[in-house]
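Before any comments, here is the structure.
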Amino acid sequence: MKGYFNHRAFYKMLLMFMLAISIPTLIIGVISIQNSTQHIVDQSDIFSKNLLDEKKSLFEQKFSEITNVSNQILSSEEVWRLFDHTVPTIKKHQAMQATIFYLLNMSRSNEGLASIYLYNEDQDYVLSDAKYPSDEFMDASILKLDFPGATFLTSPRESHSNAADQQVVSYIRRFRDMATNETLRLIINVKYSQLVEKLQMDHNPYQLDLIIFNERNELILTPKGSNLKLDENHLKAIRNLGDSINRQSFDGEEYYFSKTESNKMGWTFMYLKPYSQLVGTAKLLTQLMVVSTVIVLALSFLLAFGLSKYLYKPLGNLIGEIRTSAMHSTDQKMDEYMIIDSVLKNLFHENRELQTQYAEAFPYMRQYTMQKLITGKILEEERIAGMIEFFGVKLTGTLFVIAVLEFEKENITDQMFANVETWMDSHSQSHFVTVMDEYHMVAVLSGDDDMYHTLELLLSHLNERWSDVTIAASRPFDSLTKAGVNYREAMIQFNQRFFDDSNRLHICKPAENLRQADFLYDRSYEEALLQAIQAQDEGKAHRVIRQLISSLPEQSLSIEYIKYGMFQFVSRLGDSLHAFGGAHFEEFLKERAILAEIHKVKSLQELEQYLTEFMRLIIDNIAKIRRSQHTETIHKAKAFIKANYHRDISIKDISEHVFLSPNYLGAIFKTETGFTIFDYTTQVRMDAAVDLLKNPSLKIQEISQAIGYKNVQSFNRFFKKAQKMTPLEYRRSIIES
């Protein structure tokens, strides 16, 4: 045994081994960590720019919604009726009240709005929850704000009014009435808390802080984690820097930032972080690597000395026992070569067992890794390329498409997965398929050909074997680092089943093709439906609703925007019909949670059913209101006649008193009382004449003038028709009796 082992030789071998391991590890570790600093910055830049684009898109969408609200307000009849000089003063007062109610209703029906003002600069008054002179208005600071152009978004400010007493961002729109040449401002106060909700990152791996400021270099959203105090000069310097520059010194400290600007809003969006904190981990790790390597090297010397001194004899005994065991396990004597052969056979057997276990685990490793890639949890291009090569995935094209396959009524089985994978192997040269959960598979296609045509063929194949299979596909993208964003876009496409319940291929449309219309629907539908309701024509109203619903799928708008638009449609319809019922109709609308009910619908068919039922309830309600209003109107007309019969009043005088046209008043008066207005007025006058004739001191001519007749002959004619005798004959009959 001593021939095989030498204490000094073993010591030298172990020592050289420790040095060979420690020194290369130290060198490789230091180089790798130094390169990782730039890698961290690059990944942070990609991550932060993607987040900035998301935040900017979110704000621009909210800005578009606010713009749509302002367009809706400026197109309403209530607002423009204020500037019609042909309208009488009392009508203008009613129009002003209607405008105030309309503005309040708009702010209450939009959760994100705090209040709305309409400010007339020339006449110097404000409409909000009431009419105010500008110098007495609670929130007067916003009225005189000077800004270029027709629209402006303010920085966060404190609003003080009856409608809102909180922090808001104000959208101001200046316009001019061409008829009166009056300048007006529409001010929409948006709740700041809801505007910036969930904008700061709670789980940001790079701990970046979001900052937003406007073209006046005023902060809209301030950083919550940074100690840096940004003033106007800082923001102006940042705005003048190009997008490619991501490092800048402020107050003697170097900062990393990414920024982008919104052309719609004039705002700058920026993520900011001290550069030392961003790369501090890499620097700390470098120092730790150096110290650790030195410690390991020192321990290696001690370990080598200990092993050479205390392990030499036990190791020699172990070799002797292995030799003895090998000799006893077989009848033949074994030399050293036979022992080595036996050890190699055992190692080969163990290797085969390891390969078998690896082959069983490989599909699960592949599926787990591909899921991380698809969901965007891996962003490094080098790492993605290495994984694709390791798992034997073929993706050779320059463009990629992610397709999500949803099996709605069956759980995915191994047979179903194998069927999809086999079909894809025969129809696409560059792809891979994996299972995401019990209902969803994902296929990633790569190539320059029409990949959507391949997906249409796949959908047809699957629906022949399994029912209720739907495929949603992303738009083409040029790098697998963008897989996470495009996977989420593909999942969103399943919402298109709101328009079409049948199984089909839904393709994500490019953002530039989406249309943000001033109005979701043609305003003529409102007018047609209003006419049908006024005429109590339920059939015509149902046809109008069906035409409106049929027009919605032609527009490239989100489901939530369509639901919001239908809520606005119902609200505007309610505002238009408010004049029919006053407080009663307002109470009818309050009893129904319109927005919540519309939000529950799951398809266009359900939306049509809801609108049809709501329309029928309105028709029934208006019928009840009209019957009640007719009774009240007739009562007012009778009271007016009894109070003014002594004057020469006409049907026009009575109709103006009750705010109805003469023809309409005459029709409902006849229906409700059985008399014409003329007959009823004559009856009231004749009853008064009977009482006056009892006074013998009054002349017939005096009585005629007292009850509204200037001509005695007319009085005699009507009295004789009513009492079958002349006034003089009636007086004589009273005296005789």
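Accessible surface of residue 680, taken over heavy atoms with a 1.4 Å probe and every protein chain present, rounds to 30 Å². Against the criterion of solvent-accessible heavy-atom surface with a 1.4 angstrom probe, 241, 210 sort, most first, into 241, 210. In the stretch 421-463, Rg over Rh equals 0.95, where Rg is the alpha-carbon radius of gyration and Rh the Kirkwood radius from pairwise Cα distances.
For the pair residue 711 and residue 656, what calculated FRET efficiency results from E = 1/(1 + (r/R0)^6), where r is the Cβ-Cβ distance and R0 = 25 Å, to the nearest 0.05?
0.50
With all protein chains in place and ligands, DNA and RNA left out, the 1.4 Å accessible area ranks 675, 659, 477 as 659, 675, 477, largest first.
Measuring r between the beta carbons of residue 140 and residue 663 and using R0 = 56 Å, the FRET efficiency lands at 0.70. Of the trypsin sites (Lys or Arg not before Pro) found in the stretch 76-177, those in coil by DSSP whose Cβ has at most 11 other Cβ atoms within 10 Å are 144. Ranking 456, 78 from most to least accessible surface, computed with a 1.4 Å probe over the protein chains only, gives 456, 78.
For residue 480, the accessible surface of its heavy atoms amounts to roughly 20 Å² (probe 1.4 Å, protein chains only, rounded to the nearest 10). With a simple spin-label model that places each label point 7 Å from the Cα along the Cα-to-Cβ direction, the separation between residue 123 and residue 605 comes to 5.2 nm. For residue 47, the accessible surface of its heavy atoms amounts to roughly 40 Å² (probe 1.4 Å, protein chains only, rounded to the nearest 10). Spin-label model, residue 550 to residue 218: label points 7 Å out along the Cα-to-beta-carbon direction sit 5.0 nm apart. For the stretch 618-691, the Cα-based Rg and Dmax, in that order, read 13.3, 48 Å. Looking at the stretch 635-682, the accessible area is 60 square angstrom per residue; that uses a 1.4 Å probe and ignores ligands, DNA and RNA. Just so you know, the Rg over Rh for the stretch 591-647 is 1.39, from Cα atoms, with Rh as the Kirkwood radius.
Surface composition of the stretch 623-689: carbon plus sulfur atoms hold 54% of the accessible area, using a 1.4 angstrom probe and ignoring ligands, DNA and RNA.
Cα convex hull of the stretch 43-176: mean projected area in nm², to one decimal? Before the final figure, lay out the partial values.
On the way: hull surface 38.8 nm².
Projected over every direction and averaged, the Cα hull of the stretch 43-176 covers 9.7 nm².
Taking R0 as 51 Å, what FRET efficiency do you get between residue 264 and residue 465 from their Cβ-Cβ distance, rounded to the nearest 0.05?
Working: r = 48 Å, r/R0 = 0.94.
The pair residue 264/residue 465 has a calculated efficiency of 0.60.
Less than 14 Å Cβ to Cβ from residue 612, Lys/Arg counted +1 and Asp/Glu -1: what total charge do the surrounding residues give? Spell out each step's value before the answer.
Details: positive: 540, 543, 546, 616; negative: 537, 538, 597, 606, 608, 613, 620.
That sum, taken over residues with Cβ under 14 Å, equals -3.
Give the residue list of GluC sites (Glu not before Pro) in the stretch 90-178 that are DSSP loop and have at most 10 other beta-carbon atoms within 10 angstrom. Please report the intermediate quantities before stating the final value.
Values: sites: 111, 121, 136, 158; in loops: 111, 121.
Sites meeting the loop and neighbour criteria: 111.
Find the centroid of the Cα atoms in the stretch 696-717 and in the stretch 81-114, then give the distance between the two in whole Å. Distance between centres, Cα-based: 49 Å.
With viscosity 1.002 mPa s and temperature 20 °C, the Kirkwood radius over alpha carbon pairs of the stretch 612-737 converts through Stokes-Einstein to a diffusion coefficient of 130 µm²/s.
The values are calculated or read from the model by the stated rules, or taken from the named source; none is laboratory data. Values in this document were obtained by computation on a predicted structure and should not be read as measured data. Positions of Cβ are backbone-derived with ideal geometry, glycine not excepted, and every protein chain shown enters the neighbour counts. For the accessible areas, the whole protein counts, side chains as well, though only heavy atoms, and no ligand, DNA or RNA atoms are used. Shrake-Rupley method; radii C 1.70, N 1.55, O 1.52, S 1.80 Å.
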